[in-house]
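The values are calculated or read from the model by the stated rules, or taken from the named source; none is laboratory data. Nothing here was measured: the structure is a model prediction, and the numbers come from that model. In this analysis, Cβ positions are derived from the backbone assuming ideal geometry, glycine residues included, and neighbour counts consider all displayed protein chains.
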Amino acid sequence: MDTATIDQARLDAFVTRAIEDLASAYGGVMVSLGHRLGLYKAMAGAGPLSAGELAARSGCAERYVHEWLNAQAASGYVQYHAASASYELLPEQALVLADEDSPVFIPHAWQVPASMWADEEKSLETFRTGQGLAWGEHDGRLACGVAAFYRNGYKACLVPQWLPALEGVVAQLQAGIAVADVGCGHGHSTVLMAQAFPRSRFFGFDVHADSIAAARRNAAAAGVAGQASFAVARAVGYPNRHFGLICFFDCLHDMGDPVAAAQYAAEVLAPGGTVMLVEPFAPDRFDGQPDTVARLYYSASTTMCCAHAISEGGKLVLGAQAGEARLREVFRKAGFTHFRRAAQTPFNLILEARR
Ligand SMILES: C[S@@+](CC[C@H](N)C(=O)[O-])C[C@H]1O[C@@H](n2cnc3c(N)ncnc32)[C@H](O)[C@@H]1O
């Protein structure tokens, strides 16, 4: 390499950036430990604690807790009080790290990169062969991490914001309709809707048998098993119940033939019925600039979304950054005449389609 062409300032800045990312990856393991050992929960609302006090509260060994606390302070994940040599989890930090019902609770999300590392050999093979890797072939932390992480976002947005953003759908749900949740995963979206609309009936479908088993458990635990049922089924061919609403939560882009999935939805939609498509937020064209949301989604898409779509034949591999225009085209090809953006968040596009 010709070192004369190296811009030292640019090199220094980039090395700093790469080291910061490496530290974040180490920090993710600390977050997972803190969550699973109950350390964050033991700190939440407790005010400043010494390592010994936190060790006693959490039932963990003090020497490890002390080191972990210093890692947390160095990460800016807890506040260190030098005068008392104590550590405090501030209320904002507690929302992100200790409160499992908070919409910004993050620890579950670290299961996803854990699964990506565990599956590295499989991903290397997909690159070399061009073959796919199905959702269910991944380390189990993938499905659990995604489900638990998305659940709180759905809890905050689905019933209060996204469904009301669709034309006339809340009134139909209140009156009672059949709803399909296609690619339902662990069924958290299905359960939330079932809880909010007792007159409607909900049917979750997914190709992944372990996810369907988890969805049944989640519905039973939430007391909506009578209203929400789940079956292992593909996005093309699930039973026709003349659905008033068909939902695809963060899954259409994973499918090997999204046009066929949308065509089938058109077939089993009741007259006046609506498709709600929730997809990762993305512009229509990636500008190639650094962007945190795009970085997250393109990385996940490389090893999971594209790999799953290819495992299903890969007729159209949208990836997790498809954008509204490409999704609109999928629905146009499937025979839908109405398609609009109903809502959005920094992470999601909420799209409405009618025949
Ligand atoms: C990213 S996960 C999203 C799960 C869930 N909707 C959520 O938001 O938590 C994608 C899901 O789509 C499912 N899936 C992929 N291809 C499918 C297909 N052709 N038919 C039905 N489900 C499919 C996967 O098994 C997986 O559960």
Scanning the stretch 174-187 for residues that are hydrophobic (A, V, I, L, M, F, W, C) and crowded, with 17+ Cβ neighbours inside 10 Å, the one farthest from the ligand (Cβ to nearest atom) turns out to be Ile177
How do the pairs read when you match residues in the stretch 268-291 that are within 25 Å of Leu163 (Cβ to Cβ) with residues anywhere that are among the basic types (Lys, Arg), using Cβ under 7 Å and keeping only pairs 6 or more apart or on different chains?
Leu269/Arg355; Thr274/Arg354
Close pairs (8 angstrom Cβ cut-off, 6 or more residues apart or separate chains): over 24 Å from Glu120 (Cβ atoms) in the stretch 141-159, among the hydroxyl-bearing types (Ser, Thr, Tyr) anywhere:
Asn152/Ser102; Gly153/Thr345; Tyr154/Ser189; Cys157/Thr345; Leu158/Ser189
Answer yes or no as to whether Val236 is near the ligand (Cβ under 8 Å from one of its atoms) and β-branched (Val, Ile, Thr).
yes
What's the number of the only condition in (1) farther than 28 Å from Leu97 by Cα; (2) in a helix (DSSP H, G or I) that Tyr150 fails to meet?
(1)
Just to be sure I understand the filter: pairs with C-beta atoms under 6 Å, separated by 6 or more residues or on different chains, first member in the stretch 176-191 and under 20 Å from Ala260 (Cβ atoms), second member away from the ligand (no atom under 11 Å from the Cβ) and at pLDDT 95 or above. Which pairs pass?
Ala180/Phe203; Ala180/Phe243; Ala180/Ile246
For the stretch 146-155, indicate whether the set of residues that are away from the ligand (no atom under 14 Å from the Cβ) and either at pLDDT 95 or above or not charged (D, E, K, R) (or both) is non-empty.
no
Residues that are part of a helix (DSSP H, G or I) and surrounded by fewer than 22 Cβ atoms within 10 Å (Cβ to Cβ), drawn from the stretch 304-315
Ile310, Ser311
I'd like the full set of residues that are within 15 Å of the ligand (Cβ to nearest atom) and surrounded by fewer than 24 Cβ atoms within 10 Å (Cβ to Cβ), limited to the stretch 194-204.
Phe203
Working carefully through the options Gly185, Gly223, find the one that is at positive phi, at pLDDT 95 or above and within 21 Å of the chain's Cα centre (by Cα).
Gly185
Out of (1) of a type in the set (A, V, I, L, M); (2) more than 16 Å from the ligand (Cβ to nearest atom); (3) in contact with a strand residue (DSSP E or B) (Cβ under 8 Å, 6 or more places away or on another chain), the odd one out for Ala209 is which?
(2)
Give all pairs with beta carbons closer than 9 Å in which a residue from the stretch 222-241 that is under 20 Å from Leu269 (Cβ atoms) meets a residue that is in a loop (DSSP other than H, G, I, E, B) and more than 11 Å from the ligand (Cβ to nearest atom); count only pairs at least 6 apart in sequence or on separate chains.
Ala228/Ala222; Ala231/Pro239; Ala233/Pro239
Got at least one residue in the stretch 74-83 being part of a helix (DSSP H, G or I) and either away from the ligand (no atom under 16 Å from the Cβ) or in contact (Cβ under 8 Å) with a residue 24 or more places away in the chain (or both)?
yes
If you check Leu269, Leu277, which single one turns out to be in contact with an Asp or Glu (Cβ under 8 Å, 6 or more places away or on another chain) and of a type outside the set (D, E, K, R)?
Leu277
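Looking at Ser123, is it touching a Ser or Thr at 6+ places or on another chain (Cβ under 8 Å) and not in a loop (DSSP other than H, G, I, E, B)?
Considered against the rule, which asks whether it is touching a Ser or Thr at 6+ places or on another chain (Cβ under 8 Å) and not in a loop (DSSP other than H, G, I, E, B), Ser123 comes out as yes.
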Checking the structure you have, find out if any residue of the stretch 156-173 is over 12 Å from the mean Cα position of the chain (by Cα), buried (at least 18 other Cβ atoms within 10 Å of the Cβ) and within 11 Å of the ligand (Cβ to nearest atom).
yes
